[in-house]
1. With r as the distance between the Cβ atoms of K213 and F41 and R0 = 35 Å, compute the FRET efficiency 1/(1 + (r/R0)^6) and round to 0.05.
2. For the chain, what is the mean residue ellipticity at 222 nm derived from helices alone (per DSSP H run of n ≥ 4: -39500 (n - 2.57); sum divided by total residues; nearest 500 deg cm²/dmol)?
3. How much of the accessible area of the chain, probe 1.4 Å, is carbon plus sulfur, in whole percent?
4. Just subtract the alpha-carbon distance of R66 and D123 from 0.36 nm times their residue separation and send over the number in nm, one decimal.
5. Please work out the FRET efficiency for the pair Q28 and K50, using the Cβ-Cβ distance as r and a Förster radius of 41 Å; give the result to the nearest 0.05.
6. May I ask what percent, to the nearest 5, of DSSP beta bridges between residues of region 65-175 are antiparallel?
7. What are the residues whose amide H is under 5 Å from the amide H of I59, where those residues sit 5 or more places off or on another chain and H is modelled from the backbone?
8. For V167 and K94, FRET efficiency with R0 = 30 Å and r from the beta-carbon atoms, rounded to 0.05?
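The values are calculated or read from the model by the stated rules, or taken from the named source; none is laboratory data. Since we're looking at a predicted model, the values are computed, not measured. In this analysis, Cβ positions are derived from the backbone assuming ideal geometry, glycine residues included, and neighbour counts consider all displayed protein chains. Surface accessibility is based on the protein's heavy atoms, side chains included, excluding ligands, DNA and RNA. Shrake-Rupley method; radii C 1.70, N 1.55, O 1.52, S 1.80 Å.
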Amino acid sequence: MNLIPMLDTRVAELLEAPDAKLVIERAQAILADEAQRRRAFREWLRDDIKAEFINGEVIMHSPVKRRHLDATANLMTLLRVYVHLNNLGAVDSKKALIGLTRNDYEPDICFWRSETADSFDDDQMEHPAPDLIVEILSKSTTGRDRGIKFEDYAAHGVVEYWIIDPVRKSVEQYQLDEATMAFASVAVVYIDNTLIALTIPGFLIPVKAIFDKQTNLETLRILMNLSA
């Protein structure tokens with residue numbers, strides 16, 4: 001996935017400004033200081049802390065409501081079992097640190113195809129951009145999930161992005177448009193609909209399985225039988 005044409009356009013726009021050199025020098029100084037604080041953030045980050053480093057700021061995450069926990073656990077179970085049984089790659093939740101060019105994220109759920117996941121080692125803490133990222137909305141994260149993360153994930157080649165709303169019981173599905181390196185909407189699927197993954201072959205579930213325990217168990221059995 002080539003970011004060069006898009007970057008060249010932005011650079012050309014900047015160079016049209018008469019104070020371009022001053023702007024670049026100031027930006028370089030700010031980014032150098034930010035990089036130092038990012039290194040300190042990684043040294044400070046522990047297993048029992050959920051935090052992210054976004055545009056120079058450390059974002060601490062508060063405890064989430066039960067519906068957020070349940071949706072994460074339900075979807076995580078289905079994804080991990082299906083992906084592992086079919087040897088499709090790796091699925092992680094919460095504490096997998098995603099290191100992009102400028103920012104460090106800990107998405108709710110991530111999936112990497114086996115081509116990438118096979119290179120992971122047991123001591124690895126920082127991970128590359130996943131093929132699929134799932135963020136589950138809460139009051140404190142909605143702005144970032146739909147804002148900086150939406151842009152940053154796409155800019156770094158995340159192929160598929162799901163935004164799950166546990167209140168509305170819906171899933172917004174987005175796919176990367178490689179021509180613009182931005183997400184294009186695929187569908188908004190609600191609790192009575194079916195969700196079909198674009199990056200995980202054969203992964204098809206009722207949306208209700210994300211929010212309802214009994215449906216989750218029934219779907220899990222179906223996925224396991226399909227993979228047997």
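1. Details: r = 37 Å, r/R0 = 1.05.
Once rounded, the FRET efficiency stands at 0.45.
2. It lands at -12500 deg cm²/dmol.
3. 53 percent
4. 17.4 nm
5. 0.85
6. Within region 65-175, antiparallel bridges account for around 70 percent of the total.
7. E52, F53, I54
8. After rounding, the FRET efficiency stands at 0.90.
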